[in-house]
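Novice: Below is one structure. I have some questions about it.
The values are calculated or read from the model by the stated rules, or taken from the named source; none is laboratory data. This is a predicted model, so every value here is computed, not measured. Neighbour counts run over all protein chains shown; Cβ positions are idealised from the backbone, glycine included.
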Amino acid sequence: MPPIGVDEWVARSGERTEGHAGPLAPVLRRLERIPPWAWLAIAAGAAALFPLLTDSAFALRVGVNALLLAMLALGLNVVVGWAGLLDLGYIAFYGFGAYAFALVSSDQLGEDGVHLPAWISIPAIMVAAAVLGLLLGLPSRRLVGDYLAIVTLFFGQVFVELVVNLDRVRLPGADEPISLTGGPNGIPGVDPISVLGTEIITPRGYFYLLLVLTVLLMAGLHLLDRSRTGRAWRAVREDALAASFMTIPVNGVKLMAFAFGAAIAALAGSVFAAVQAGVFPQSFETPFLILIYAALILGGAGSIAGAVLGAVVVSVTLELLRDPDQASVLFYGVVLLTLVARLRPWKLLAAVLGATVALGLVTHGAAGAISPDLTAGEPALGGWTGGALDAWLVLPENAATAGNWAFVALVCGVLATTLLAPRLRPLAIVPLVYVAAFAWEARLVGQPAITRQLLLGALLVVMMTWRAHGLLGSRRVEVL
Amino acid sequence: MDFFVQQVVNGLTLGGVYALIALGYSLVYGVLKLLNFAHGDVYMVGAFIGFGVLTAFGGPASLAAPVPLVLLAMFVAAALGSGVLGVVIERFAYRPLRDATRIAPLITALGVSFFLQNAVLLLLGADVRTYDTSAFIPVTTAVDVGPLSISLVRILVIVAAAALMVALARLVGRTKLGRAMRAVAFDREAAQMMGVDIDRTIVATFFIGSALAGVAGVLVGLVFLQVSHLMGFIAGLKGFTAAVIGGIGSVPGAMLGGLLIGMAESFTAAYISSTFQNLIVFGILITVMLVRPVGLLGTPELNKV
Amino acid sequence: MLELSGVGLSFGGVRAVHDLDLAVEEGEIVSLIGPNGAGKTTVFNLITGVYGPQAGDIRFAGRSIAGLPPHRIAGRGLARTFQAIRLFLNMSVKENVLAATYGNTSAQPWQSILRTPKARREERDANAVAESALGFFGQRLAGYRWDQPAYSLSYANRRRLEIARAMATEPRMLLLDEPAAGMNPHETAEIAEVIGRLRDERGYTILVIEHDMHVVEGISDRVVALDHGKAIARGSFDQVATHPAVVEAYLGRGAASTKR
């Protein structure tokens, strides 16, 4: 809790000018002096090297997705992180951008379709999205954040429904209904984007395009943050009423945030349509919205770098979760990391780890003695770690049902552990780790799609209750 | 004419269900100023619990006990199960954020909702469950009102919803707990200073609101037969739309809002097309927000400067 | 400069302000006093646009401001502080003050991003205004303090920052709501001095709500006493302080006849 009402900041200013303590002090001080634009250049340079290091189209696709998510997180940051408005219909703007681009870059409309060049269509689409954002924001004028959340959530839902149902639109004067949005099947055959005459058709090409866009976006937003508009957004978030007394037109400022966020989402959507060479309504449903929020919250709402970092971490993590082997590495890695981070001193950590290993071996031995079927299953991990796990974990062949029970037990156990006194917690953690491993191997690892959703939901809850400002956000003081 | 009245009955049925969900939202919003997005998923869990009880008694086609007993068991189990779930959610997801920003608990609620949906998906699979009500409440059992015959199931739903709403109104208006809830809703600090146990009141509110949602889940299962892990999302959305339209924080408002939406949906589906149901409801929401932002029966929040 | 005529406002059945006439001439310091619940902050809220008057009119610099939204009224030159301090806690001292320059600048987002000459000039000017406002408080809000987050300021400094922020809107008139509330005698004296300087050095017209009679006595050109939403006495401090209706309002009926 940062000190309030005490000039402790002053008292500690000496500490600050001296800099940090410890062996890394000179390094940290140097790092602090690096201006933001230099950081951006370094990060951009590193990212630009990425496609040169790998030929895998898959890896490049992951990179493309990560950058798209980064752009979306940046846009959402303007609305949620800076202006403090809870927009739960944000993906609708992403979808709007994608569909609008598809409509003007494919055969969907009219005889041969409309095929506008991207440098014309995309800015126009962004403006249209901004207008749409303004319209959606208008009822928000008199609404407190919560009401806005409902209206926007509903809007997001209605958008998808509209898109799915606008495949039989009767235009006046036309004989037959036309398919405006392709209905549930979407619009295929979207043109690629051309830059300076060259068509971009490879993942590598789109990676670079998105990298350039993201860097420009980050720079632009940074400048905006330091300008009167950025200050106005933050003032409105802090105390809208006080801001209004200080000449800030609160409603207008909120609408501007909405419009900006919408335009950025539409930009991302347009590129997305080109990357996929098509648009499909399933891409714009609530699970993806949760993904964007998870990225922003993890990275730190209010921070430009945070939004991008969160997006990259979330994208990469989710990709890793697709493959059972890598997912298991991630799972056990996270469990171990959490234990290391939360159990101090070293002796306690060692004791807990030792006890967990012992518990496992004993249980495994006992179970094996009762019946070999009980340990017949194999963990998802290969190699010697897999072998070690196999000797440690009781895992029957078809353990799905048991895995379900373990999952429920895990959730209840984690919740209950938070209620325990800190001294008793290590006692509960030992069996809990075992149950977690069992739940993972028996059930979760076999259901990557569901597991990833569970992870996202849990991430949001855990982040908000534990570290609401995310990785790179700054801690906020709230006075209600 | 018959068709029209039929739609009215449909509207009342739907409206009753939405009102029950909306009441849960309104109650929680009243005491915590929080829109509990997970509420819709609590409703969904209630529907599943009801289905579970039905199966435990032998399944819709071969109930081992008299129908009224089974129904009662379903309602009670769903109410208790959902109620407890709601309390757990409050304790672990919302209580730590009680003094945080306005939007922090909302984001958490989103996470809880998503987690719940997928947990149910994981544990129970994606198959849609069917209550198959006609197997134990014959569809031909109907009450004749004039030229019209209303199926027993719908009557059951309407009556149950109405009874619960009346009970709730009495609770909020006449009991000590109800007074405590209203006090906490009005001014939490002052209520605390007057000796009201805030935590207990909030827990009780969550329990009641979630229990109502659970019962609503069973009712929906009975009438509309299908129960899936996704049903909470859209029902929840409409539930709090109803609460907001009627005036959030207001019990009669939630009822009115629920009724309004139920009727609107019913008539839209009948006279226009069911694809436009949600659009119309959205339109009503926007209109009410623009014309009367506090909701039809809501009271404006006084802004103390 | 500021003129309320026949202003009335009711909340439900309660008449918060009733048929109020109030005038503040340019360059004056007028104090608004009255027991708690007399309606003083409500008057401020009426003037600054939180509520629109249900009766009567409010004119500022010759033009009616009744019914205008708060940010418009602030743009006309009326700035205020609050009884309970309302700073932008998570923003730095300087940012708090800079934020208030919004109304006097007009650079659009695209201009800010491209750093057009206009945008840069406005930033410079806004910085100058902010620094001037902060500089008014001498060393209290100077130098390294500019980057301090507002939540870490001491209470007295917060009050000063609030005033500095109001000053940054480049107002013609300041409305100060209990500026000395919660201050020790030393700080109180300093605030009284600050208010005097605000008028003398910066030429603001000032309307103050204050409970501390020493402050009121020290700074006011005129005093207006309110009770139950009505003006019950006007005049110099001595005239109002000894007015029977005022004594009665503060101390009860018996006191009016036995006052010192």
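Novice: Taking segment C:156-195, which residues are more than 15 Å from the chain's Cα centre (by Cα), in a helix (DSSP H, G or I) and either of a type in the set (A, V, I, L, M, F, W, C) or not assigned by TED's automatic domain parsing to the domain that holds C:Ala23 (or both)? Talk me through it step by step, then tell me what you get.
Specialist: Of segment C:156-195, the ones more than 15 Å from the chain's Cα centre (by Cα) are C:156-157, C:182-190, C:193.
Subsequent filtering for residues that are in a helix (DSSP H, G or I) retains C:156-157, C:185-190, C:193.
Result: C:Ala156, C:Asn157, C:Ala189.
Novice: Could you list, in sequence order, the residues of segment C:62-84 that are more than 10 Å from every other protein chain (Cβ to nearest Cβ) and of a type in the set (A, V, I, L, M)?
Specialist: Within segment C:62-84, C:Ile65, C:Ala66, C:Leu68 meet the criteria.
Novice: Go through segment B:56-111 residue by residue and tally those that are in a loop (DSSP other than H, G, I, E, B) and of a type in the set (Lys, Arg). Don't jump to the end; show me each part of the working.
Specialist: Initially, segment B:56-111 is screened for residues in a loop (DSSP other than H, G, I, E, B), giving B:57-66, B:98-103.
With of a type in the set (Lys, Arg) added as a condition, the list becomes B:98, B:102.
Number of matching residues: 2.
For every residue, the table says whether it meets (1) of a type in the set (Ser, Thr, Tyr); (2) touching a residue at least 40 places away in the same chain (Cβ under 8 Å).
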{"site": "C:Ala79", "(1), (2)": "no, yes"}
{"site": "C:Gln83", "(1), (2)": "no, yes"}
{"site": "C:Phe88", "(1), (2)": "no, yes"}
{"site": "C:Thr105", "(1), (2)": "yes, no"}
{"site": "C:Gln108", "(1), (2)": "no, no"}
{"site": "C:Gln111", "(1), (2)": "no, no"}
{"site": "C:Pro117", "(1), (2)": "no, no"}
{"site": "C:Glu123", "(1), (2)": "no, no"}
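Novice: Give the residues of segment C:1-31 that are of a type in the set (Ser, Thr, Tyr) and within 15 Å of the chain's Cα centre (by Cα), sorted by residue number.
Specialist: The answer is C:Ser31, and nothing else.
Novice: Got at least one residue in segment A:408-421 being within 18 Å of the chain's Cα centre (by Cα), surrounded by fewer than 20 Cβ atoms within 10 Å (Cβ to Cβ) and within 14 Å of chain B (Cβ to nearest Cβ)? Outline the logic, then answer.
Specialist: In the first step, residues of segment A:408-421 are kept if they are within 18 Å of the chain's Cα centre (by Cα); the result is none.
No - not one qualifying residue is present in segment A:408-421.
Novice: Could you tell me whether segment C:135-153 includes any residue that is among the hydrophobic types (A, V, I, L, M, F, W, C), part of a helix (DSSP H, G or I) and at pLDDT below 85? Even if it seems obvious, please write down each step before you answer.
Specialist: Of segment C:135-153, the ones among the hydrophobic types (A, V, I, L, M, F, W, C) are C:136-137, C:141-142, C:146, C:150, C:153.
Subset that is part of a helix (DSSP H, G or I): C:141, C:146, C:150.
Then drop every residue that is not at pLDDT below 85, which leaves C:141.
Yes; the residues of segment C:135-153 include at least one that is among the hydrophobic types (A, V, I, L, M, F, W, C), part of a helix (DSSP H, G or I) and at pLDDT below 85.
Novice: Take A:Phe93 and decide whether it is of a type in the set (Phe, Trp, Tyr), more than 20 Å from the chain's Cα centre (by Cα) and assigned to a helix (DSSP H, G or I).
Specialist: no
Novice: Moving on to the next point. Show me the helices (runs of 4 or more DSSP H) entirely contained within segment A:174-248 in which 1 or more residues are modelled with pLDDT of 90 or more, within 14 Å of chain C (Cβ to nearest Cβ) and farther than 28 Å from A:Trp119 by Cβ. Break it down stepwise before answering.
Specialist: Details: elements: A:203-225, A:228-238, A:240-245.
Where helices (runs of 4 or more DSSP H) fall fully within segment A:174-248 and carry at least 1 residues being modelled with pLDDT of 90 or more, within 14 Å of chain C (Cβ to nearest Cβ) and farther than 28 Å from A:Trp119 by Cβ, they are A:228-238, A:240-245.
Novice: Got a number for residues in segment C:1-23 being over 13 Å from C:Ala231 (Cβ atoms) and either in contact (Cβ under 8 Å) with a residue 40 or more places away in the chain or in contact with a Lys or Arg (Cβ under 8 Å, 6 or more places away or on another chain) (or both)? First the steps, then the outcome.
Specialist: Here is the first cut: in segment C:1-23, the ones over 13 Å from C:Ala231 (Cβ atoms) are C:1-3, C:9-16.
Among the residues that remain, those that are also either in contact (Cβ under 8 Å) with a residue 40 or more places away in the chain or in contact with a Lys or Arg (Cβ under 8 Å, 6 or more places away or on another chain) (or both) are: C:1-3, C:9-10, C:15-16.
Residues in segment C:1-23 being over 13 Å from C:Ala231 (Cβ atoms) and either in contact (Cβ under 8 Å) with a residue 40 or more places away in the chain or in contact with a Lys or Arg (Cβ under 8 Å, 6 or more places away or on another chain) (or both): 7 in total.
Novice: From the list C:Leu98, C:Leu87, pick out the single residue that is crowded, with 17+ Cβ neighbours inside 10 Å and either farther than 24 Å from A:Gly302 by Cβ or more than 7 Å from every other protein chain (Cβ to nearest Cβ) (or both). Lay out the reasoning, then the answer.
Specialist: On the way: C:Leu98 fails: either farther than 24 Å from A:Gly302 by Cβ or more than 7 Å from every other protein chain (Cβ to nearest Cβ) (or both).
Unique residue meeting the criteria: C:Leu87.
Novice: Would you check if A:Ala402 is more than 25 Å from A:Leu320 (Cβ to Cβ), surrounded by 16 or more Cβ atoms within 10 Å (Cβ to Cβ) and at pLDDT below 90? Show your work before the answer.
Specialist: Values: more than 25 Å from A:Leu320 (Cβ to Cβ): yes; surrounded by 16 or more Cβ atoms within 10 Å (Cβ to Cβ): yes; at pLDDT below 90: yes.
When the stated conditions are applied, A:Ala402 passes them.
Novice: Still on this structure: Can you tell me which of C:Leu153, C:Leu198, C:Leu207, C:Leu226 is in the same structural domain as C:Glu123 (by TED's automatic domain parsing) and surrounded by 21 or more Cβ atoms within 10 Å (Cβ to Cβ)? Don't jump to the end; show me each part of the working.
Specialist: Details: C:Leu198 fails: in the same structural domain as C:Glu123 (by TED's automatic domain parsing); C:Leu207 fails: in the same structural domain as C:Glu123 (by TED's automatic domain parsing); C:Leu226 fails: in the same structural domain as C:Glu123 (by TED's automatic domain parsing).
Step by step, each of C:Leu153, C:Leu198, C:Leu207, C:Leu226 is checked, and only C:Leu153 is in the same structural domain as C:Glu123 (by TED's automatic domain parsing) and surrounded by 21 or more Cβ atoms within 10 Å (Cβ to Cβ).
Novice: Right, next: I'm trying to understand the selection: among the residues of segment C:210-223, which are assigned to a strand (DSSP E or B) and either among the β-branched types (Val, Ile, Thr) or buried (at least 22 other Cβ atoms within 10 Å of the Cβ) (or both)?
Specialist: Residues of segment C:210-223 that are assigned to a strand (DSSP E or B), as a first pass: C:222-223.
Listed by number, the list holds a single entry, C:Val223.
Novice: Scan segment A:431-475 for residues that are part of a helix (DSSP H, G or I), more than 11 Å from chain B (Cβ to nearest Cβ) and farther than 21 Å from A:Thr356 by Cβ and jot them down.
Specialist: Our first condition is that a residue be part of a helix (DSSP H, G or I); within segment A:431-475, this holds for A:431-442, A:444-446, A:448-466.
Now restrict to residues that are more than 11 Å from chain B (Cβ to nearest Cβ): A:431-438, A:440-442, A:445, A:448.
The answer is A:Pro448, and nothing else.
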